[in-house]
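Down below is the structure, laid out as structure tokens.
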Amino acid sequence: MIKKATLKDLNSLTELNREVQQIHHNAFPEIFKPYSKTQVSKSFRQLFKNKNIVILISFDHSNNPVGYIFYEVKKHHESAFTQPYKIFYILHI
């Protein structure tokens, strides 16, 4: 099952992020910070406040969280060169 995440999913999201964040940090410590539950939780809380950010969370058949994605919907206005359009910028998957 996939659903739009809410603050009730905050602990699951931070735990799902743990392994990936640590892998990124181990590979590129000059770019990625080590996992910090406090900081990741704070970051997700901020993301929930952004109306352009969508966070989806997926669950297995036993209702255990197994993954998430968050993306930003960016709206581009009409210009002399382009029609107005929207794009989805995936930040985490």
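Miscellaneous remarks
- A search for C-beta distances below 7 Å between a residue of the range 1-16 that is touching a residue at least 40 places away in the same chain (Cβ under 8 Å) and any residue that is assigned to a helix (DSSP H, G or I), counting only pairs 6+ apart in sequence or on different chains, returns A5/L13; L7/F48; L13/F44.
- Residue in the range 26-45 that is modelled with pLDDT of 95 or more, under 30 Å from K86 (Cα atoms), touching a Leu at 6+ places or on another chain (Cβ under 8 Å) and open to solvent by 60 Å² or more (accessible area, probe 1.4 Å) present: yes
- Every pair of residues 6+ apart whose Cβ atoms lie under 7 Å, when the first sits in the range 67-87 and is aliphatic (A, V, I, L, M) while the second is surrounded by 11 or more Cβ atoms within 10 Å (Cβ to Cβ) and modelled with pLDDT of 95 or more: I69/L56; V73/V54
- Qualifying position, being at pLDDT 95 or above and surrounded by 11 or more Cβ atoms within 10 Å (Cβ to Cβ), among S12, S62: S12
The values are calculated or read from the model by the stated rules, or taken from the named source; none is laboratory data. Keep in mind that what you see is a predicted model, and the values were worked out from it rather than measured. Note: ideal-geometry Cβ built from the backbone for every residue, glycine included; neighbour counts use all protein chains shown. Remember, those area values only see protein heavy atoms, side chains included, never the ligands or the DNA or RNA. Shrake-Rupley method; radii C 1.70, N 1.55, O 1.52, S 1.80 Å.
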